[in-house]
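Derivation of every value follows stated rules applied to the coordinates shown; laboratory data play no part. Values in this document were obtained by computation on a predicted structure and should not be read as measured data. Cβ coordinates were reconstructed from backbone atoms using ideal geometry, including for glycine residues, and neighbour counts include every protein chain displayed.
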Amino acid sequence: MENDVLINKLKEIIGPIVKELNYDFYYIEYIKESGENYLRIYIDSEKGISLEDCEKVSRKTSAALDEYDPIPDAYYLEVSSPGMERGLYTDEHLQKYIGYDVFIKLSKLFEGKRSFKGKLLQFDMGEIVINSEDLNVSIPRDIISSVNLRAEF
C-alpha cells in the first residue's frame, strides 16, 4: 500500500510536467530490480516518442523530483516510450486496444495454460475476453499477471 501512496504522489508531480510538454502520461512504476530502485516513466504521443522527447521529460522531471524529494531512497530515473509491445495496465489502455492482438500472462494455470494470445474483444471488472484460436476465452482478471500488445510485422 505504501508504494501506491508514493505512486499517486509521483503522478501528481510528474503528470502536469508530461502534459505541459505535450506528451501523454502513459504509465509510471517504482520498482526494485537487482537491489536497485528504478522510477520508470512511460510517455506516449500520436507522433511516437524519440530519444529527445525522453530527454526533455527526464530533465524537467528530475528537477521537479529534486525540488519535492518524494522518494527517500536512491533510485535511477528512466523515461521511455511504452514500446510496440506495450503493457496494458489500465481500463483506458484496454479500451483503446480492443480489436488488437494481445499476449496475456497468468499467475496460475487456467484451462491448462499459463498464457494466452488472441484478439482483445472486451473486458469488465472481473474478466478479459479474447478470441484465441477461433474460440472466445474469458480470463478472470485476478489471475492475470500482465497484458501486452503483440507487435504485428
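One table, with the values for the structure above:
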{"quantity": "Using alpha-carbon coordinates, inclination of helix 2-20 to the longest axis of the chain, degrees", "calculated": "70"}
{"quantity": "Theoretical gain in end-to-end length, Ser45 to Glu20 [0.36 nm per residue, Cα-Cα removed]", "calculated": "7.7 nm"}
{"quantity": "10 Å Cβ shell holding at most 14 others, DSSP loop, GluC sites (Glu not before Pro): longest site-free stretch of the chain", "calculated": "1-45"}
{"quantity": "Cβ-defined net charge surrounding Asp66, 13 Å radius [Lys, Arg +1; Asp, Glu -1]", "calculated": "0"}
{"quantity": "From phi via Karplus (6.51, -1.76, 1.60), per-residue ³J(HN,Hα) for the stretch 53-61 in Hz, x at Gly/Pro", "calculated": "4, 5, 4, 4, 5, 4, 4, 5, 5"}
{"quantity": "Candidates Asp101, Asp53, Asp73, ranked by Gaussian network fluctuation over the chain, Cα under 10 Å, top entry", "calculated": "Asp73"}
{"quantity": "Three principal axis lengths of the stretch 1-92 [C-alpha, angstrom, descending]", "calculated": "35, 27, 24"}
{"quantity": "Anchor Lys119: lysines whose Cα lies under 17 Å away (excluding residues fewer than 8 positions away in-chain)", "calculated": "Lys96, Lys105"}
{"quantity": "Where labels lie 7 Å past Cα in the beta-carbon direction, separation of Lys119 and Gln95 in nm", "calculated": "2.2"}
{"quantity": "Selected from Val18, Val137, Val102 as most flexible by GNM, with the chain as the system and alpha-carbon contacts under 10 Å", "calculated": "Val137"}
{"quantity": "Relative contact order of the chain, pairs being alpha-carbon contacts under 8 Å that are 6 or more residues apart, as %", "calculated": "18"}
{"quantity": "Helix-only CD estimate at 222 nm, as mean residue ellipticity for the chain, using -39500 (n - 2.57) per DSSP H run (n ≥ 4)", "calculated": "-9000 deg cm²/dmol"}
{"quantity": "Whole-Å distance, taken between Cα centres, linking the stretch 22-86 and the stretch 112-153", "calculated": "28"}
